[in-house]
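Participant: This is the structure I have questions about; it appears just below.
Bear in mind these aren't lab numbers, they're just calculated from the coordinates by the rules spelled out. Here the structure is a predicted model, which is why all the values come from computation and not from measurement. Counting neighbours? That spans all protein chains shown, and the Cβs are built from the backbone with ideal geometry, glycine included.
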Amino acid sequence: MENLMKIDLPGFSEPIRPGKLICIGRNYAEHAKEMQSAIPTEPMIFLKPATSLVGSGGTIVIPTQSQEVHHEVELVVALLKGGKNIPESDALHHIAGYAVGLDMTARDLQGRAKKVGAPWSVAKGFDTFAPIGDFVAANMVPDVQDLFISLKVNGEVRQKGHTADMIFSVVTLVAYASTIFTLEPGDLIYTGTPEGVGAIQKEDVLEAEITSLPTLYVTTE
Ligand code: MG
C-alpha cells in the first residue's frame, strides 16, 4: 500500500508532504549511556524516508525482518521556511511548529549495522517507523527547551525526560542541519530520545506526550 501521507502544519494553507525527515541520534546523555555510546561532540544525523510517516491513531507495523523493535519518543520540529546556513539567532523564525513523534528502531538490525559500520537506514526506515502527532504552532510554545516528554506502553510509563536535557538545543539543530542540507518548508527534525527505550510487541498501545502538545496515540501489529 502506498503511503503518501501529508501533514497539516501551522502557517501552511494546504497539507504538505515532508521532503525529508532529519533525525538526531544520542541527543540526551542518559540515552547515550544506556546505549553504551559516547556522548557526541556534534549532532549525529541520520535520515528517514517520508514513507515511514504514520499519523496519530495509526498503526506501527512490526516488520518480519526484526525481532526487536524499540520505541524512542521525541520532540519533532517542522520547518516553516527553508534555508541554508541558517544562523542560530534566526532559527526560531524558520520553525512552523512542534509535535510529538516516535523514532521507531529495529534495534537488532541497528546493532548488526553498528558492528560492521553500515548505515542505519534499514533499522530506522521501515514503513510506519516515524509516527507523528498533530502539530502546534511554534508561537504557542513559549520555551521549547522547557517541556516534559514521556511515553506509556499499555498504560505503563516507559520513558520520561525533559527537553532541557537535550545536548544540542532545537535552534542549534536547525542551524547545524542547514549547514549540511538545504532545508525546505515542511522538513521535519526528530530531535532525539531520552532514556528508557525498549521493545514493543504486537497489539501494544503507545501514548506519547509532551507538555502543551496533542498526545500521539498509536497501536502496533
Ligand atoms: Mg531517536
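Participant: Any idea what the dipole of the range 21-220 comes to, in debye rounded to 20, about its Cα centre with Lys/Arg Cβ at +1 and Asp/Glu Cβ at -1?
Facilitator: The dipole magnitude comes to about 560 debye.
Participant: While we're here: What's the long-distance tail for the range 131-183, i.e. % of Cα pairs beyond 16 Å?
Facilitator: Looking at the range 131-183, the distances longer than 16 Å represent 61 percent of pairs.
Participant: Could you tell me which residue out of Pro87, Gly58, Phe181 lies farthest along the dipole of the chain toward its positive end? Charges go on the beta carbon: Lys and Arg +1, Asp and Glu -1, centred on the Cα centre.
Facilitator: Phe181
Participant: Could you state the orientation-averaged shadow area of the convex hull built on the Cα atoms of the range 1-131, in nm² to one decimal?
Facilitator: Averaged projected hull area, Cα only: 9.4 nm².
Participant: Normalising by the residue count of the chain, find the relative contact order in percent from Cα pairs under 8 Å and 6+ residues apart.
Facilitator: 32
Participant: Based on C-alpha coordinates, I'd like the Rg and Dmax of the range 132-221, in Å.
Facilitator: For the range 132-221, the Cα radius of gyration and maximum Cα-Cα distance read 14.6, 41 Å.
Participant: Calculate, in nm to one decimal, what Phe148 and Lys115 gain on full extension: separation in residues at 0.36 nm each, minus their alpha carbon distance.
Facilitator: 8.5 nm
Participant: Just want the ordering: Leu206, Leu102, Leu183, from fewest to most Cβ atoms lying within 10 Å of their own Cβ.
Facilitator: In increasing order of surrounding Cβ atoms, one gets Leu206, Leu183, Leu102.
Participant: Could you list the GluC sites (Glu not before Pro) in the range 1-103 that lie in coil according to DSSP, counting only those with at most 16 other Cβ atoms within 10 Å of their Cβ?
Facilitator: Loop-located and lightly packed - Glu2, Glu68.
Participant: Two-decimal Rg/Rh of the range 85-185 from alpha-carbon positions, Kirkwood Rh?
Facilitator: 1.00
Participant: First select every other residue whose beta carbon is under 13 angstrom from the beta carbon of Ala32; then total the charges, Lys and Arg +1, Asp and Glu -1.
Facilitator: -3
Participant: When all alpha-carbon pairs of the chain are counted, what percent fall beyond 31 Å?
Facilitator: When all Cα pairs of the chain are counted, 12 percent exceed 31 Å.
Participant: Reachable aspartates and glutamates from Lys6, Cα under 12 Å, same-chain residues fewer than 8 places away excluded?
Facilitator: Counting by Cα, and skipping residues close in sequence, Lys6 has these aspartates and glutamates nearby: Glu14, Asp134, Asp187.
Participant: I would also like to ask the following. Work out the charge dipole of the chain with +1 on the Cβ of Lys and Arg and -1 on the Cβ of Asp and Glu about the Cα centre, then indicate which of Val170, Ser37, Phe129 is farthest towards its positive end.
Facilitator: Checked the options; the winner is Ser37.
Participant: Under a straight-distance cross-link criterion of Cα-Cα below 25 Å, which lysines are reachable from Lys202, leaving out those fewer than 8 residues away in the same chain?
Facilitator: Reachable lysines: Lys48, Lys124, Lys152, Lys160.
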